[in-house]
1. Could you grab the pairs with beta carbons closer than 9 Å, sequence gap of 6+ or different chains, first residue in region 305-324 and touching a residue at least 12 places away in the same chain (Cβ under 8 Å) and over 15 Å from Pro222 (Cα atoms), second one of a type in the set (Lys, Arg) and surrounded by fewer than 24 Cβ atoms within 10 Å (Cβ to Cβ)?
2. Got a number for residues in region 48-79 being farther than 24 Å from Tyr138 by Cα and outside any strand (DSSP E or B)?
3. Sort out which residues of region 242-280 are within 25 Å of Ala307 (Cβ to Cβ), under 21 Å from the mean Cα position of the chain (by Cα) and in a helix (DSSP H, G or I), and write them in order of number.
4. Taking the conditions exactly as written (surrounded by fewer than 22 Cβ atoms within 10 Å (Cβ to Cβ) and either away from the ligand (no atom under 15 Å from the Cβ) or of a type in the set (Phe, Trp, Tyr) (or both)), does Arg215 satisfy them or not?
5. With the checklist (1) at pLDDT 95 or above; (2) assigned to a loop (DSSP other than H, G, I, E, B); (3) crowded, with 17+ Cβ neighbours inside 10 Å; (4) touching a Ser or Thr at 6+ places or on another chain (Cβ under 8 Å) in hand, flag the one item Gly341 doesn't pass.
6. Scanning for something within 15 Å of the ligand (Cβ to nearest atom), out of contact with any helix residue (DSSP H, G or I) (no Cβ under 9 Å at 6 or more places or on another chain) and at pLDDT 95 or above, does region 2-15 turn up at least one residue?
7. Of the numbered conditions (1) surrounded by fewer than 16 Cβ atoms within 10 Å (Cβ to Cβ); (2) more than 30 Å from Ser289 (Cβ to Cβ), Met184 satisfies every one except a single condition; which is it?
8. Restricted to region 286-308, and to residues that are exposed (fewer than 14 other Cβ atoms within 10 Å of the Cβ) and either within 18 Å of Thr210 (Cα to Cα) or more than 28 Å from the chain's Cα centre (by Cα) (or both), which residue is nearest to the ligand (Cβ to nearest atom)?
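The values are calculated or read from the model by the stated rules, or taken from the named source; none is laboratory data. Everything numeric here is computed off the predicted structure, so don't read it as measured data. Heads up, the Cβs are rebuilt from the backbone with ideal geometry, glycines too, and the neighbour counts pull from every protein chain shown.
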Amino acid sequence: MIFLNRKRIALVSVHGDPAIEVGKEEAGGQNVYVRYVGEALSKQGWEVDMFTRRVSPEQPAVVQHTSHCRTIRLIAGPQEFIPRDEIFEFLPEFVQAFLDFQHQLESPYLLIHSNYWLSSWVGMELSKKLSIPQAHTYHSLGAVKYKSISTIPLIAKTRLAVEKTCLETVNRVVATSPQERDHMRSLVSAHGNIDIIPCGTRIDHFGTVTQAAARQLLGIAPEEKVVLYVGRFDPRKGIETLARAVNECQARTTEHVRLIIGGGSRPGHSDGDERDRIESIVAELGLESITQFPGRLSQEDLPTYYAAADVCVVPSHYEPFGLVTIEAMACGTPVVGSDVGGLQFTVAPEQTGLLAPPKDVAAFAAAIDRVLLNPEWRNALGIAARTRVETTFSWDGVAAQLGQLYEILLEEASEAAPQGQPAKRLAQASA
Ligand code: UDP
């Protein structure tokens, strides 16, 4: 379809580059979200630029994704990987680099959609300076995260303050699940405007391989019971719970169980310590012969891994959404997940998978057993899982909902602007 007069919008994702490989170091769901939301919006008639921080002089400054969607890497701070907790001081430079970039364009950005608290700060600055509306997706809430970790970083106070200001003042916050919205309300602020629009997945990419074909490709025998984890290596992902649960399952069955733990970098990277820790737990439990660590799995290989598995386990201590869950479901693989956050939204217990209390090894073991030992039920769960993703979690559907929201924000902004003047930010009402 040809769209005339495309509206130019900026997706800002300072630390989550939509054009890089995901699944290692800090790159995960946010990178995927920004990329596929951006690409889908461009196919629906928007002119989309996705802004991120350049982390190496070798990286191209611009990556074209579709004819109307590109990643733009701005220089803000040293051109090297900086952990996200240390990026805040470089944000004013990011704002300036954005303004310089916009200066060269024929038409300005009409709206900003920021991602994660760092980008919310950038978005709030730009929204004020340019008098344009802002939507924001948190991806993770400091108020939730800091409840679950023992060492609180120095940046915590700043992050919590920025997250509160963001919720109370930006034009619209996008919660990706009702559970995330409830956490914002109970832990961040009772004020501000929230819409719920879920994350999505590529339903034409995930779900194209049968289990038999996938197993043949990966050299897995049809009778093996395959338990899969996919994701970053981070203690809060709960991979330890999974290893210990599989150890319990394995001890009480005669079936041949195989555990595949996908994701993560090689030693020497920021997520290497957790990978070493998990590998030593696997060794200590005597699971080495049944466990595989294939490392980071490409988006091209992932449909095969998901399809080959009998069950995908998402044992996170917390997830605002959890893209891996819907990717596995799209491939017809049921999910056993932690009974937390967005997993309570994506997994329909007893219909598309099961939920277990986080960190509860016995409950995870029991849930995994139920799926592994009832193949017919497992297949029924898988079929229902695929249907659930098709109806609720496609990127095209998600982008259409975001597009409608942007149109509303643009209209509100133009109504609020005095005649002949650029749109001013809206006065915020309490939701
Ligand atoms: N991922 C990947 N390769 C890997 C591990 C993960 O491509 O080896 C992708 C995965 O497919 C998903 C994203 O990384 O799209 C993880 O998103 P999720 O929301 O599950 O977790 P987050 O990283 O945001 O905590």
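1. Note: pairs meeting the criteria are Pro315/Lys359; Ser316/Arg236; His317/Arg236; His317/Lys359; Tyr318/Lys145; Tyr318/Lys147; Tyr318/Arg236.
2. 10
3. If the condition is that a residue be within 25 Å of Ala307 (Cβ to Cβ), under 21 Å from the mean Cα position of the chain (by Cα) and in a helix (DSSP H, G or I), then Leu242, Arg275 are the ones that fit.
4. Numbers: surrounded by fewer than 22 Cβ atoms within 10 Å (Cβ to Cβ): yes; either away from the ligand (no atom under 15 Å from the Cβ) or of a type in the set (Phe, Trp, Tyr) (or both): yes.
Against the criterion (surrounded by fewer than 22 Cβ atoms within 10 Å (Cβ to Cβ) and either away from the ligand (no atom under 15 Å from the Cβ) or of a type in the set (Phe, Trp, Tyr) (or both)), Arg215 qualifies.
5. Failing condition for Gly341: (1).
6. No: zero hits.
7. (1)
8. The first filter runs over region 286-308 and keeps only residues exposed (fewer than 14 other Cβ atoms within 10 Å of the Cβ), leaving 286, 288-289, 298, 300.
With either within 18 Å of Thr210 (Cα to Cα) or more than 28 Å from the chain's Cα centre (by Cα) (or both) added as a condition, the list becomes 286, 288-289, 300.
Values: Gly286: 25, Glu288: 20, Ser289: 22, Glu300: 9 Å.
Only one residue tops the list, namely Glu300.
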